[in-house]
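Below you'll find the structure, written out as structure tokens, and then a few comments.
The values are calculated or read from the model by the stated rules, or taken from the named source; none is laboratory data. Treat the numbers as computed from the prediction; the structure is a model and nothing was measured. Glycine also receives a Cβ, built like all others from the backbone with ideal geometry; neighbour counts cover every protein chain displayed.
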Amino acid sequence: MFYRKVYPKAWQLVKENPTIWFFGLFASLLGFYEVRVLFNLSDSFPDFISSNIKSWVDIFVAFSTISISWANMPDILALLGLFILFSVVTILAVSSQAVLTYSASPQAKKSLKDTLGAQLKNGVDKFWPVFGLNIINSLIGYFFVSIVLTPIIYFLSTTNNWPVYIILGVFAFFVLIPLVIIISFVTRYGIAYVTIKNQKFTDAFVNSWTLFRINWIITLENAILLLAITFLTLIAIISAMVFVFVPFLIMSSALPFLALMFLIIGFFLVAVVMIVGSSIYSAFYNVVWATIFLDLVAPGKSYSKIHRVAHKHLPVLTK
């Protein structure tokens, strides 16, 4: 079966290379947008890139209105510091995503033994095209949804004009929503084309669209499977946090004079479990998509069972 090869291979890579967990920590800031956009379109909360874009715009607006004087210097320095902080974190997150995607490629075996700095440099070298793909995904996945799709859905819920309702409903649910979903997957494959195949931004975007169009069933199937794995991983991490914290909570109740110390230790260990768990899973999540990509572009590739059934009975869907 297709996934019996892909998922164990991705997990083996993550397990044998703990250094990439570091990049998983920062890549987790970008979230798991394929799962989110497919199953939670109603969520209007901005993702990491969209939130940073809004913050940068707010900072630029503040800079344009504030007067340059010694009295305002603390505010100016604070805004400048926020801008630098957001920029550094964004560079680390996007570059980490590039490193994790590249780590699944055969040519990355040697670089996985490099220092964190050397691996990060490889990701930074691909920052701009990967960042550009993420911006496209954010513009479509958040700003477009917030500005266009959400008002249309709200209008549909309040209008009694049936012709308009049908026209806008068909446009929203059969054009706009699929567009948002498709762009999220095209972005993921585009990142792989940039980092693994070393393609330019425009070529990567065009080729990723073609790859998705040919393999859209496998792509959706993988997103559904990753949704289940994400849900189970979230339960496992929360359970581990509770398991770690409860003993310290009990000890703090039994020994009130040491309660503060036990609570601090408990919260610290909970934070460690959450950070490590999120880092490992984020690394695995990104490596899975890269491994899927490599299998899809390889000659003589295998197909999942759903894809084979669809190809046999409804071949038009797999063209």
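Assorted remarks:
- Of the listed requirements (1) modelled with pLDDT of 90 or more; (2) in contact with a Phe, Trp or Tyr (Cβ under 8 Å, 6 or more places away or on another chain), residue 156 misses just one: (1).
- None of 210, 219 is over 24 Å from residue 96 (Cβ atoms) and either in contact with a His (Cβ under 8 Å, 6 or more places away or on another chain) or among the β-branched types (Val, Ile, Thr) (or both) except 210.
- Candidate set from region 274-315 (those that are assigned to a loop (DSSP other than H, G, I, E, B) and among the aliphatic types (A, V, I, L, M)); member that is modelled with the lowest pLDDT: 314
- Considering region 59-83, the residues that are surrounded by fewer than 10 Cβ atoms within 10 Å (Cβ to Cβ) and of a type in the set (S, T, N, Q) include one that is farthest from residue 49 (Cα to Cα), namely 69.
- Within the option set 271, 236, 240, being in contact with a helix residue (DSSP H, G or I) (Cβ under 6 Å, 6 or more places away or on another chain), assigned to a helix (DSSP H, G or I) and either closer than 30 Å to residue 30 by Cβ or among the hydrophobic types (A, V, I, L, M, F, W, C) (or both) holds for one residue only, 240.
- Some residue of region 257-268 being within 26 Å of residue 7 (Cα to Cα), surrounded by 15 or more Cβ atoms within 10 Å (Cβ to Cβ), modelled with pLDDT under 95 and among the β-branched types (Val, Ile, Thr): no
- Qualifying residue in region 84-105 (condition: crowded, with 16+ Cβ neighbours inside 10 Å, farther than 21 Å from residue 281 by Cα and at pLDDT 85 or above): yes
- None of 233, 318 is modelled with pLDDT under 95, closer than 19 Å to residue 9 by Cβ and of a type in the set (Val, Ile, Thr) except 233.
- When region 230-256 is limited to residues that are hydrophobic (A, V, I, L, M, F, W, C) and buried (at least 16 other Cβ atoms within 10 Å of the Cβ), the one that is farthest from residue 181 (Cα to Cα) turns out to be 251.
- Residues being under 28 Å from residue 18 (Cα atoms) and either polar (S, T, N, Q) or touching a His at 6+ places or on another chain (Cβ under 9 Å) (or both) - total across region 119-140: 3
- If you go through region 187-220 and keep only what is of a type in the set (Ser, Thr, Tyr) and closer than 18 Å to residue 295 by Cβ, you end up with 189, 193, 195, 208, 210, 219.
- For residue 210, the stated conditions do not hold, so it cannot be described as crowded, with 21+ Cβ neighbours inside 10 Å and in a helix (DSSP H, G or I).
- For residue 184, the test of being over 14 Å from residue 292 (Cα atoms) and either of a type in the set (S, T, N, Q) or not in a helix (DSSP H, G or I) (or both) is passed.
- Candidate set: region 109-136, residues that are modelled with pLDDT under 85 and part of a helix (DSSP H, G or I); chosen: the one farthest from residue 91 (Cα to Cα): 113
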